[in-house]
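Down below is the structure, laid out as structure tokens.
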Amino acid sequence: MEKTTRYSKKRDAIFNKLASTNTHPSAEWIYRNLKADYPDLSLGTVYRNLSKFKEDGKIISVGVVDGQERYDGNTSPHPHFICSSCGAIIDMHELNIESDLDKSATELYGFRIDFHEIVFHGVCKTCLKLHQSQKDR
């Protein structure tokens, strides 16, 4: 028997807060941004709901930055860039990734591919400029 999920204003608020930003927030960021409107909200509630959203395929985890898991409300396949200097996570929608990558991997290796993630790591252009300007002093 499938468990039904009752309507919850807090659950909706958590999902909507995540879906309304492209900053790839942590649970703590979502909690801090909702606490004023929902004084009885707990960090545990935020974590439980994020876990359920992830399990249901409504959100994805982009990875862990500075010890905090970061989330994305945009579940369409797209690569991300994580800055090793400032921790920013940036969507790379314009990067043309081979659309049949899953099919190619299946044909080459005989795997069943459910999904794939592409994450680039490096230093973002803002941090590069900042480091260069500090060097020029």
(request) If a/c stays under 1.5 just call it rounded; otherwise compare a/b with b/c (prolate if a/b is bigger, oblate if not). Do that for the stretch 12-98, with a ≥ b ≥ c from the square roots of the Cα gyration tensor eigenvalues. (result) prolate
(message) Of all beta bridges DSSP finds with both residues in the chain, what is the antiparallel percent, to the nearest 5?
(response) 70
(request) Send over a whole-number figure in Å² for the accessible area per residue of the stretch 10-84, probe 1.4 Å. (result) 52
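I need the peptides 111-123, 71-83 ranked by packing, meaning the mean over residues of other C-beta atoms within 10 angstrom, with the highest value on top.
Highest-to-lowest ranking by the protection proxy: 71-83, 111-123.
Ignoring ligands, DNA and RNA, what percent of the accessible area of the chain is carbon or sulfur (1.4 Å)?
About 51 percent, which is the carbon plus sulfur part of the accessible surface.
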(request) May I ask you to list the lysines whose Cα is less than 25 Å away from that of K103, ignoring any residue fewer than eight positions away on the same chain? (result) K54, K58
(message) Students often forget the sequence filter, so: which lysines lie under 26 Å Cα-Cα from K125 once same-chain residues fewer than 8 apart are removed?
(response) K135
(request) For H78 and L130, calculate 0.36 nm times their separation in residues minus their Cα-Cα distance, and state this gained length in nm to one decimal. (result) 16.0 nm
(request) Collect residues whose amide H, placed 1.01 Å from N in the peptide plane, falls under 5 Å from the amide H of V62; neighbours closer than 5 in sequence don't count. (result) R70, Y71, D72
(request) Could you tell me, in Å, what Rg and Dmax come out for the Cα atoms of the stretch 59-137? (result) 16.0, 55
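The values are calculated or read from the model by the stated rules, or taken from the named source; none is laboratory data. Every value quoted in this text rests on a predicted model; they were computed, and no experiment measured them. Using ideal geometry, Cβ is built from the backbone for each residue, glycine included, and neighbour counts are taken over all protein chains shown. These area figures cover heavy atoms from the full protein model, side chains too; ligands, DNA and RNA do not enter into them. Shrake-Rupley method; radii C 1.70, N 1.55, O 1.52, S 1.80 Å.
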